[in-house]
Amino acid sequence: VIGEWLGLDLTGTDKAAAVSQLTAALAQVDLVNEMEYLEPEEAAALADLVRQGGRAPVAVFARDHGEVRLMGPGKMEREEPWLDPASPAESLWYRGFLYRGFDQTGEGTLEFYYVPQELLNRLAPPTSTRREEPALPVEAALRPVEALAQTRPPLTNAVDDLTTLLALAQRTGLRSERLPNLDGLLMDPDRDRRSLLLTLATEMILLRQTDDILRPTRSAIEWLQKSREAQLRALVDAWSRTFWNELRHTPGLVAEGESWQNDPLLARTALMDALPADEHWYRLSDLIAVIRQQDPDFQRPDGNYETWYIRDADTQDYLSGFGDWDGVEGRLLRYLVQGPLYWLGMVELSATSVADATYRLTTRALAWLGDEPPAADEIRVPLVVQPEGILLVPYNASRYERFQAARIADPEPLTPGKPYRYRIVPSSLAEAQEQGISPERMLQFLESAGGRPVPTSVRRGITRPEEKGVEGRLQSVVTLR
(Lines give C-alpha, C1' and ligand atoms only; values in the text may rest on other atoms or scores of the structure.)
Protein backbone atom coordinates (compact mmCIF):
# COMPACT_ATOMS: atom_id res chain seq x y z
CA VAL A 1 0.00 0.00 0.00
CA ILE A 2 2.80 2.41 0.90
CA GLY A 3 4.53 1.49 -2.34
CA GLU A 4 1.47 2.48 -4.39
CA TRP A 5 1.53 5.96 -2.84
CA LEU A 6 5.17 6.23 -3.92
CA GLY A 7 4.51 4.88 -7.42
CA LEU A 8 6.29 1.55 -6.81
CA ASP A 9 5.28 -1.89 -8.01
CA LEU A 10 6.07 -4.14 -5.06
CA THR A 11 4.27 -7.24 -6.27
CA GLY A 12 6.04 -10.59 -5.96
CA THR A 13 7.17 -12.95 -3.27
CA ASP A 14 10.59 -11.49 -2.49
CA LYS A 15 9.72 -9.45 0.61
CA ALA A 16 13.32 -8.49 1.34
CA ALA A 17 13.66 -6.95 -2.13
CA ALA A 18 10.36 -5.08 -1.64
CA VAL A 19 11.60 -3.70 1.69
CA SER A 20 14.83 -2.50 0.08
CA GLN A 21 12.94 -0.71 -2.71
CA LEU A 22 10.51 0.87 -0.27
CA THR A 23 13.29 2.01 2.06
CA ALA A 24 15.14 3.68 -0.79
CA ALA A 25 12.00 5.40 -2.01
CA LEU A 26 11.01 6.68 1.43
CA ALA A 27 14.51 8.04 1.91
CA GLN A 28 13.96 10.27 -1.13
CA VAL A 29 10.56 11.62 -0.09
CA ASP A 30 10.40 15.38 0.43
CA LEU A 31 8.30 15.32 3.60
CA VAL A 32 7.99 19.09 3.87
CA ASN A 33 6.53 19.15 0.37
CA GLU A 34 4.35 16.13 1.09
CA MET A 35 2.75 17.87 4.05
CA GLU A 36 1.33 20.48 1.68
CA TYR A 37 -0.79 17.74 0.08
CA LEU A 38 -2.03 16.21 3.33
CA GLU A 39 -5.47 16.99 4.70
CA PRO A 40 -5.32 19.67 7.44
CA GLU A 41 -6.11 17.14 10.17
CA GLU A 42 -3.40 14.78 8.91
CA ALA A 43 -0.82 17.57 8.71
CA ALA A 44 -1.75 18.68 12.22
CA ALA A 45 -1.32 15.14 13.53
CA LEU A 46 2.11 14.77 11.94
CA ALA A 47 3.18 18.21 13.12
CA ASP A 48 2.05 17.34 16.65
CA LEU A 49 4.18 14.21 16.62
CA VAL A 50 7.22 16.14 15.37
CA ARG A 51 6.79 18.75 18.10
CA GLN A 52 6.85 15.96 20.69
CA GLY A 53 10.23 14.78 19.44
CA GLY A 54 8.90 12.31 16.92
CA ARG A 55 6.96 9.99 19.20
CA ALA A 56 3.95 9.88 21.55
CA PRO A 57 2.28 7.15 23.61
CA VAL A 58 -0.29 5.32 21.51
CA ALA A 59 -3.24 6.17 23.76
CA VAL A 60 -2.24 9.84 23.97
CA PHE A 61 -1.83 10.25 20.21
CA ALA A 62 -5.02 8.31 19.49
CA ARG A 63 -6.97 10.52 21.90
CA ASP A 64 -6.22 13.59 19.77
CA HIS A 65 -5.85 12.13 16.28
CA GLY A 66 -7.77 8.87 16.21
CA GLU A 67 -6.82 5.23 16.16
CA VAL A 68 -5.27 2.93 13.58
CA ARG A 69 -7.50 -0.11 13.16
CA LEU A 70 -5.43 -3.28 13.41
CA MET A 71 -6.22 -5.67 10.53
CA GLY A 72 -4.85 -8.88 9.19
CA PRO A 73 -3.93 -9.26 5.47
CA GLY A 74 -7.32 -10.72 4.55
CA LYS A 75 -9.35 -7.97 6.16
CA MET A 76 -7.07 -5.30 4.72
CA GLU A 77 -7.58 -6.69 1.23
CA ARG A 78 -11.36 -6.77 1.66
CA GLU A 79 -11.86 -3.35 3.29
CA GLU A 80 -8.96 -1.35 1.76
CA PRO A 81 -8.87 1.08 4.76
CA TRP A 82 -6.30 3.33 3.05
CA LEU A 83 -9.00 4.48 0.66
CA ASP A 84 -11.31 5.55 3.48
CA PRO A 85 -9.17 5.96 6.62
CA ALA A 86 -11.04 6.16 9.91
CA SER A 87 -8.79 8.87 11.35
CA PRO A 88 -5.85 11.17 10.52
CA ALA A 89 -3.58 8.69 12.32
CA GLU A 90 -4.76 5.85 10.08
CA SER A 91 -4.18 7.94 6.98
CA LEU A 92 -0.57 8.67 8.07
CA TRP A 93 -0.11 4.96 8.83
CA TYR A 94 -0.91 3.88 5.28
CA ARG A 95 1.19 6.68 3.81
CA GLY A 96 4.24 5.32 5.64
CA PHE A 97 4.65 8.40 7.86
CA LEU A 98 3.54 6.76 11.13
CA TYR A 99 4.90 3.63 12.86
CA ARG A 100 4.27 1.78 16.09
CA GLY A 101 6.57 0.10 18.61
CA PHE A 102 7.56 -0.39 22.25
CA ASP A 103 10.29 1.39 24.20
CA GLN A 104 11.57 1.37 27.76
CA THR A 105 10.95 4.54 29.79
CA GLY A 106 11.27 5.68 33.37
CA GLU A 107 7.65 4.64 33.87
CA GLY A 108 8.14 1.18 32.37
CA THR A 109 7.64 -0.24 28.86
CA LEU A 110 5.24 1.92 26.82
CA GLU A 111 3.87 1.57 23.30
CA PHE A 112 4.46 4.56 21.02
CA TYR A 113 3.48 5.94 17.65
CA TYR A 114 6.59 7.43 16.11
CA VAL A 115 8.19 8.95 13.03
CA PRO A 116 11.38 7.01 12.13
CA GLN A 117 14.54 8.96 12.80
CA GLU A 118 15.54 8.83 9.12
CA LEU A 119 12.37 10.72 8.22
CA LEU A 120 12.33 12.93 11.31
CA ASN A 121 15.81 14.27 10.53
CA ARG A 122 14.52 15.73 7.26
CA LEU A 123 11.24 17.04 8.59
CA ALA A 124 11.65 20.57 9.98
CA PRO A 125 9.06 21.49 12.65
CA PRO A 126 6.33 23.21 10.59
CA THR A 127 5.21 26.66 11.55
CA SER A 128 2.07 26.86 9.45
CA THR A 129 0.21 23.96 11.10
CA ARG A 130 -1.17 24.55 14.56
CA ARG A 131 -2.29 21.73 16.79
CA GLU A 132 -5.91 21.82 17.82
CA GLU A 133 -6.50 21.36 21.54
CA PRO A 134 -9.66 19.30 21.84
CA ALA A 135 -10.08 19.62 25.57
CA LEU A 136 -8.92 23.09 26.57
CA PRO A 137 -8.42 26.52 25.05
CA VAL A 138 -4.80 27.30 24.20
CA GLU A 139 -4.89 30.43 26.38
CA ALA A 140 -5.18 28.49 29.67
CA ALA A 141 -2.70 30.27 31.93
CA LEU A 142 -1.98 31.28 35.51
CA ARG A 143 -2.73 34.92 36.27
CA PRO A 144 -2.38 36.53 39.71
CA VAL A 145 -5.63 37.51 41.44
CA GLU A 146 -6.44 39.96 44.21
CA ALA A 147 -5.86 38.83 47.78
CA LEU A 148 -9.05 38.01 49.66
CA ALA A 149 -10.07 39.47 52.99
CA GLN A 150 -10.51 36.10 54.66
CA THR A 151 -7.81 33.46 54.33
CA ARG A 152 -6.63 30.32 56.06
CA PRO A 153 -3.07 31.06 57.22
CA PRO A 154 -0.36 28.48 56.61
CA LEU A 155 -0.07 25.77 59.25
CA THR A 156 2.99 24.70 61.18
CA ASN A 157 1.29 22.33 63.63
CA ALA A 158 2.28 19.16 61.77
CA VAL A 159 5.45 19.11 63.88
CA ASP A 160 3.39 19.47 67.08
CA ASP A 161 1.08 16.56 66.27
CA LEU A 162 4.02 14.42 65.19
CA THR A 163 5.67 15.22 68.54
CA THR A 164 2.50 13.98 70.26
CA LEU A 165 2.58 10.76 68.23
CA LEU A 166 6.27 10.22 69.01
CA ALA A 167 5.57 10.75 72.73
CA LEU A 168 2.72 8.22 72.69
CA ALA A 169 4.96 5.76 70.85
CA GLN A 170 7.58 6.21 73.58
CA ARG A 171 5.11 5.65 76.42
CA THR A 172 2.96 2.80 75.10
CA GLY A 173 4.07 2.04 71.55
CA LEU A 174 1.81 2.55 68.53
CA ARG A 175 0.22 0.09 66.19
CA SER A 176 -0.40 1.90 62.91
CA GLU A 177 -3.38 -0.32 62.09
CA ARG A 178 -4.94 0.07 65.55
CA LEU A 179 -4.20 3.48 67.05
CA PRO A 180 -5.54 4.53 70.46
CA ASN A 181 -8.28 7.14 70.75
CA LEU A 182 -6.43 10.38 69.98
CA ASP A 183 -9.45 12.69 70.13
CA GLY A 184 -8.49 15.85 71.97
CA LEU A 185 -4.73 15.15 71.82
CA LEU A 186 -4.04 16.25 68.23
CA MET A 187 -4.51 19.75 66.84
CA ASP A 188 -5.98 18.24 63.67
CA PRO A 189 -7.63 14.82 64.08
CA ASP A 190 -7.96 14.22 60.30
CA ARG A 191 -7.24 10.50 59.75
CA ASP A 192 -5.49 11.00 56.40
CA ARG A 193 -3.21 13.68 57.82
CA ARG A 194 -2.36 11.40 60.75
CA SER A 195 -1.66 8.55 58.30
CA LEU A 196 0.69 10.80 56.32
CA LEU A 197 2.58 11.91 59.43
CA LEU A 198 3.09 8.31 60.62
CA THR A 199 4.24 7.26 57.14
CA LEU A 200 6.72 10.14 56.93
CA ALA A 201 8.01 9.39 60.45
CA THR A 202 8.55 5.75 59.50
CA GLU A 203 10.31 6.60 56.23
CA MET A 204 12.47 9.21 58.01
CA ILE A 205 13.34 6.46 60.55
CA LEU A 206 11.90 8.52 63.39
CA LEU A 207 9.80 5.44 64.18
CA ARG A 208 10.78 1.81 63.82
CA GLN A 209 8.77 -1.39 63.93
CA THR A 210 9.53 -3.55 66.98
CA ASP A 211 7.33 -6.59 67.63
CA ASP A 212 4.46 -5.05 65.63
CA ILE A 213 4.78 -1.84 67.66
CA LEU A 214 6.16 1.51 66.49
CA ARG A 215 8.81 2.98 68.80
CA PRO A 216 10.88 6.19 68.47
CA THR A 217 14.50 5.98 67.32
CA ARG A 218 17.58 8.05 68.10
CA SER A 219 16.89 9.95 64.90
CA ALA A 220 13.60 11.08 66.46
CA ILE A 221 15.52 12.77 69.28
CA GLU A 222 17.67 14.60 66.74
CA TRP A 223 14.57 15.76 64.85
CA LEU A 224 12.82 16.90 68.05
CA GLN A 225 15.79 19.09 68.98
CA LYS A 226 15.67 21.05 65.69
CA SER A 227 13.88 24.36 65.16
CA ARG A 228 10.29 24.37 63.95
CA GLU A 229 11.31 25.50 60.45
CA ALA A 230 14.01 22.84 60.20
CA GLN A 231 11.51 20.20 61.33
CA LEU A 232 8.99 21.34 58.71
CA ARG A 233 11.70 21.31 56.03
CA ALA A 234 12.55 17.70 56.94
CA LEU A 235 8.87 16.73 56.65
CA VAL A 236 8.50 18.44 53.26
CA ASP A 237 11.65 16.76 51.96
CA ALA A 238 10.28 13.40 53.08
CA TRP A 239 6.86 14.13 51.55
CA SER A 240 8.40 14.94 48.16
CA ARG A 241 9.70 11.37 47.87
CA THR A 242 7.26 9.37 50.02
CA PHE A 243 5.24 6.49 48.63
CA TRP A 244 2.20 7.61 50.64
CA ASN A 245 -0.38 7.63 47.87
CA GLU A 246 -2.54 10.76 47.75
CA LEU A 247 -4.80 9.24 45.09
CA ARG A 248 -5.92 6.59 47.58
CA HIS A 249 -6.86 9.33 50.06
CA THR A 250 -8.41 11.94 47.73
CA PRO A 251 -11.84 13.02 49.04
CA GLY A 252 -14.71 12.00 46.78
CA LEU A 253 -12.85 9.10 45.18
CA VAL A 254 -12.99 5.39 45.99
CA ALA A 255 -9.98 3.51 44.59
CA GLU A 256 -10.72 -0.20 44.31
CA GLY A 257 -8.38 -3.16 44.05
CA GLU A 258 -4.61 -3.58 43.96
CA SER A 259 -4.30 -4.90 40.39
CA TRP A 260 -3.49 -1.39 39.13
CA GLN A 261 -0.91 0.98 40.54
CA ASN A 262 -0.12 4.66 40.17
CA ASP A 263 3.10 6.48 40.99
CA PRO A 264 2.41 9.30 43.51
CA LEU A 265 5.78 10.90 42.71
CA LEU A 266 4.58 11.75 39.18
CA ALA A 267 1.64 13.78 40.46
CA ARG A 268 3.82 15.77 42.88
CA THR A 269 6.40 16.43 40.17
CA ALA A 270 3.75 17.72 37.76
CA LEU A 271 2.32 19.99 40.44
CA MET A 272 5.67 21.44 41.56
CA ASP A 273 6.71 22.04 37.93
CA ALA A 274 3.55 24.09 37.35
CA LEU A 275 3.58 26.16 40.56
CA PRO A 276 4.74 29.75 39.92
CA ALA A 277 7.60 30.57 42.28
CA ASP A 278 6.25 33.82 43.73
CA GLU A 279 4.01 34.98 46.57
CA HIS A 280 1.04 36.08 44.43
CA TRP A 281 -2.43 34.62 44.85
CA TYR A 282 -3.70 32.28 42.10
CA ARG A 283 -6.88 30.39 41.40
CA LEU A 284 -6.55 26.70 42.02
CA SER A 285 -8.83 25.99 39.06
CA ASP A 286 -6.41 27.89 36.77
CA LEU A 287 -3.48 25.82 38.03
CA ILE A 288 -5.37 22.60 37.30
CA ALA A 289 -6.36 23.86 33.83
CA VAL A 290 -2.73 24.66 32.96
CA ILE A 291 -1.56 21.19 34.01
CA ARG A 292 -4.36 19.59 32.02
CA GLN A 293 -3.28 21.49 28.93
CA GLN A 294 0.49 21.14 29.29
CA ASP A 295 0.88 17.74 30.95
CA PRO A 296 -2.49 15.95 31.11
CA ASP A 297 -0.99 12.45 31.28
CA PHE A 298 1.28 13.17 34.25
CA GLN A 299 -0.31 10.33 36.21
CA ARG A 300 -0.80 7.91 33.29
CA PRO A 301 2.21 8.21 30.95
CA ASP A 302 0.78 5.62 28.56
CA GLY A 303 -2.34 7.74 28.07
CA ASN A 304 -4.61 4.82 28.92
CA TYR A 305 -7.57 6.00 31.02
CA GLU A 306 -9.48 2.70 31.00
CA THR A 307 -7.50 0.46 33.37
CA TRP A 308 -8.03 2.02 36.82
CA TYR A 309 -10.98 1.12 39.04
CA ILE A 310 -12.05 4.40 40.63
CA ARG A 311 -15.59 5.33 41.64
CA ASP A 312 -17.18 8.64 42.51
CA ALA A 313 -18.00 8.42 46.21
CA ASP A 314 -21.32 10.26 45.78
CA THR A 315 -22.73 8.70 42.63
CA GLN A 316 -20.89 5.35 42.89
CA ASP A 317 -20.25 5.62 39.13
CA TYR A 318 -16.91 4.42 37.76
CA LEU A 319 -14.70 7.21 36.43
CA SER A 320 -13.12 5.98 33.21
CA GLY A 321 -11.79 7.60 30.07
CA PHE A 322 -10.14 10.95 29.46
CA GLY A 323 -13.55 12.62 29.82
CA ASP A 324 -13.34 11.98 33.57
CA TRP A 325 -9.94 13.69 33.87
CA ASP A 326 -11.33 16.46 36.08
CA GLY A 327 -13.04 13.89 38.29
CA VAL A 328 -9.79 12.01 38.96
CA GLU A 329 -6.63 13.95 38.06
CA GLY A 330 -8.30 17.30 38.77
CA ARG A 331 -9.43 16.17 42.22
CA LEU A 332 -6.02 14.71 42.94
CA LEU A 333 -4.23 17.98 42.12
CA ARG A 334 -6.70 19.96 44.23
CA TYR A 335 -6.12 17.58 47.14
CA LEU A 336 -2.34 17.87 46.84
CA VAL A 337 -2.61 21.63 47.40
CA GLN A 338 -5.43 21.69 49.97
CA GLY A 339 -4.16 18.59 51.77
CA PRO A 340 -0.42 17.81 52.13
CA LEU A 341 0.93 21.18 50.94
CA TYR A 342 -1.41 23.02 53.33
CA TRP A 343 -0.77 20.63 56.22
CA LEU A 344 2.99 21.14 55.85
CA GLY A 345 2.78 24.94 55.82
CA MET A 346 3.67 25.36 52.15
CA VAL A 347 0.57 27.26 51.00
CA GLU A 348 -1.92 29.77 52.34
CA LEU A 349 -5.51 29.17 51.23
CA SER A 350 -8.58 31.30 50.76
CA ALA A 351 -11.56 30.75 53.01
CA THR A 352 -13.94 30.64 50.02
CA SER A 353 -15.76 27.69 48.51
CA VAL A 354 -13.91 24.86 46.79
CA ALA A 355 -15.02 26.06 43.35
CA ASP A 356 -13.45 29.52 43.84
CA ALA A 357 -10.46 28.45 45.96
CA THR A 358 -7.27 30.47 45.69
CA TYR A 359 -3.81 29.84 47.08
CA ARG A 360 -0.34 31.30 47.34
CA LEU A 361 3.03 29.85 48.24
CA THR A 362 4.50 30.72 51.62
CA THR A 363 7.98 32.10 52.20
CA ARG A 364 9.14 28.70 53.45
CA ALA A 365 7.82 27.08 50.25
CA LEU A 366 9.77 29.51 48.08
CA ALA A 367 12.89 28.85 50.15
CA TRP A 368 12.39 25.10 49.71
CA LEU A 369 11.85 25.41 45.96
CA GLY A 370 14.94 27.62 45.72
CA ASP A 371 17.00 25.15 47.76
CA GLU A 372 17.63 27.83 50.40
CA PRO A 373 18.22 26.94 54.07
CA PRO A 374 15.22 27.10 56.45
CA ALA A 375 14.63 30.19 58.58
CA ALA A 376 16.57 30.75 61.79
CA ASP A 377 15.58 29.19 65.11
CA GLU A 378 12.54 30.56 66.88
CA ILE A 379 12.57 31.92 70.43
CA ARG A 380 11.61 29.07 72.73
CA VAL A 381 9.74 29.67 75.97
CA PRO A 382 10.08 27.51 79.13
CA LEU A 383 7.45 25.14 80.41
CA VAL A 384 5.65 25.88 83.70
CA VAL A 385 5.51 23.47 86.64
CA GLN A 386 2.45 24.15 88.81
CA PRO A 387 2.30 23.13 92.50
CA GLU A 388 -0.54 20.65 91.87
CA GLY A 389 1.63 18.64 89.47
CA ILE A 390 0.41 20.18 86.21
CA LEU A 391 3.01 20.85 83.49
CA LEU A 392 2.05 23.66 81.09
CA VAL A 393 3.99 23.45 77.81
CA PRO A 394 3.43 26.48 75.53
CA TYR A 395 2.94 25.99 71.79
CA ASN A 396 6.31 27.60 71.02
CA ALA A 397 8.23 25.63 73.62
CA SER A 398 10.80 23.06 72.59
CA ARG A 399 9.20 19.95 71.06
CA TYR A 400 12.02 17.93 72.61
CA GLU A 401 11.13 19.20 76.09
CA ARG A 402 7.43 18.41 75.53
CA PHE A 403 8.41 14.91 74.41
CA GLN A 404 10.39 14.49 77.64
CA ALA A 405 7.53 15.89 79.72
CA ALA A 406 5.19 13.31 78.18
CA ARG A 407 7.49 10.55 79.44
CA ILE A 408 6.78 11.43 83.10
CA ALA A 409 3.23 12.85 82.92
CA ASP A 410 -0.12 11.99 81.36
CA PRO A 411 -1.44 14.23 78.56
CA GLU A 412 -4.75 16.05 79.04
CA PRO A 413 -7.11 17.06 76.22
CA LEU A 414 -6.10 20.13 74.24
CA THR A 415 -7.84 23.45 74.69
CA PRO A 416 -7.52 25.66 71.56
CA GLY A 417 -5.29 28.63 72.21
CA LYS A 418 -4.01 27.23 75.52
CA PRO A 419 -0.72 25.48 76.37
CA TYR A 420 -0.39 21.71 76.35
CA ARG A 421 -1.24 20.25 79.79
CA TYR A 422 0.41 17.21 81.34
CA ARG A 423 -0.42 15.87 84.81
CA ILE A 424 2.11 14.06 86.99
CA VAL A 425 0.37 11.05 88.56
CA PRO A 426 1.66 7.94 90.37
CA SER A 427 1.14 5.71 87.32
CA SER A 428 3.13 8.05 85.04
CA LEU A 429 5.96 8.18 87.59
CA ALA A 430 5.96 4.38 87.77
CA GLU A 431 6.12 4.09 83.96
CA ALA A 432 8.97 6.60 83.87
CA GLN A 433 10.98 4.61 86.36
CA GLU A 434 10.35 1.45 84.33
CA GLN A 435 12.00 3.31 81.42
CA GLY A 436 15.03 4.00 83.62
CA ILE A 437 14.19 7.61 84.50
CA SER A 438 15.09 8.18 88.13
CA PRO A 439 13.41 10.84 90.33
CA GLU A 440 16.64 12.84 90.32
CA ARG A 441 16.63 12.97 86.49
CA MET A 442 12.96 14.02 86.50
CA LEU A 443 13.68 16.91 88.83
CA GLN A 444 16.76 17.96 86.86
CA PHE A 445 14.71 18.01 83.68
CA LEU A 446 11.86 20.04 85.22
CA GLU A 447 14.28 22.63 86.64
CA SER A 448 16.18 22.89 83.36
CA ALA A 449 13.10 23.11 81.13
CA GLY A 450 11.21 25.43 83.50
CA GLY A 451 14.13 27.69 84.34
CA ARG A 452 13.22 27.83 88.03
CA PRO A 453 13.13 25.58 91.14
CA VAL A 454 10.50 22.86 91.17
CA PRO A 455 7.65 23.57 93.66
CA THR A 456 8.06 21.74 96.96
CA SER A 457 4.81 19.81 96.56
CA VAL A 458 5.88 18.48 93.17
CA ARG A 459 9.36 17.62 94.45
CA ARG A 460 7.83 15.69 97.37
CA GLY A 461 5.39 13.92 95.05
CA ILE A 462 8.21 12.73 92.78
CA THR A 463 10.70 11.64 95.45
CA ARG A 464 8.43 10.28 98.23
CA PRO A 465 7.25 7.10 96.37
CA GLU A 466 10.85 5.96 95.95
CA GLU A 467 11.58 6.68 99.64
CA LYS A 468 8.41 5.33 101.23
CA GLY A 469 7.01 2.95 98.63
CA VAL A 470 3.27 2.52 98.37
CA GLU A 471 1.66 4.26 101.38
CA GLY A 472 -1.97 3.92 100.45
CA ARG A 473 -4.36 2.62 97.83
CA LEU A 474 -7.79 3.55 96.60
CA GLN A 475 -10.07 0.70 95.68
CA SER A 476 -13.78 -0.04 95.30
CA VAL A 477 -15.24 -2.43 97.85
CA VAL A 478 -18.67 -3.88 98.74
CA THR A 479 -19.57 -3.83 102.41
CA LEU A 480 -22.27 -6.19 103.68
CA ARG A 481 -24.01 -5.30 106.93
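The values are calculated or read from the model by the stated rules, or taken from the named source; none is laboratory data. Keep in mind that what you see is a predicted model, and the values were worked out from it rather than measured. So basically every Cβ, Gly included, is an ideal-geometry build from the backbone, and we count neighbours across all protein chains shown. SASA here: full protein model, heavy atoms, side chains in, ligands and nucleic acids out. Shrake-Rupley method; radii C 1.70, N 1.55, O 1.52, S 1.80 Å.
Annotation: lysines with alpha-carbon distance below 23 angstrom to LYS75 (same-chain offsets under eight excluded): LYS15. A simple packing score, the average count of other Cβ atoms within 10 Å per residue, orders the peptides 337-349, 448-460 as 337-349, 448-460, with the highest score first.
Working note: Karplus 6.51/-1.76/1.60 with θ = phi - 60° gives the range 321-333 the couplings x, 5, x, 9, 4, 5, x, 10, 4, x, 5, 4, 4 Hz, where Gly and Pro are set to x.
Within the accessible surface of the range 246-297, defined with a 1.4 Å probe on protein heavy atoms only, the carbon and sulfur portion equals 47 percent. Quick check: net charge around ALA375, other residues with Cβ under 11 Å of its Cβ, Lys/Arg +1 and Asp/Glu -1? Neighbour charge sum, excluding ALA375 itself: -1.
Close amide H contacts of ARG423 (hydrogens built in the peptide plane, cut-off under 5 Å, sequence separation of 5 or more or a different chain): LEU391, ASP410, GLU412.
Tell me the chymotrypsin sites (Phe, Trp or Tyr not before Pro) within the range 234-271 that lie in a loop according to DSSP and have at most 16 other beta-carbon atoms within 10 Å. Here the sparse-neighbourhood loop sites are PHE243, TRP260. Estimated from helical segments only, the mean residue ellipticity of the chain at 222 nm is -11000 deg cm²/dmol, where each DSSP H run of four or more residues counts as -39500 (n - 2.57).
Other residues within the sphere of radius under 11 Å centred on the Cβ of TYR395, judged by their own Cβ, net out at +3 (K and R +1, D and E -1). Note on LYS468: aspartates and glutamates with a C-alpha under 18 Å away, same-chain residues under 8 apart excluded, are GLU431, GLU434, GLU440. Residues in the chain average 53 Å² of solvent-accessible surface per residue, probe 1.4 Å, ligands and nucleic acids excluded.
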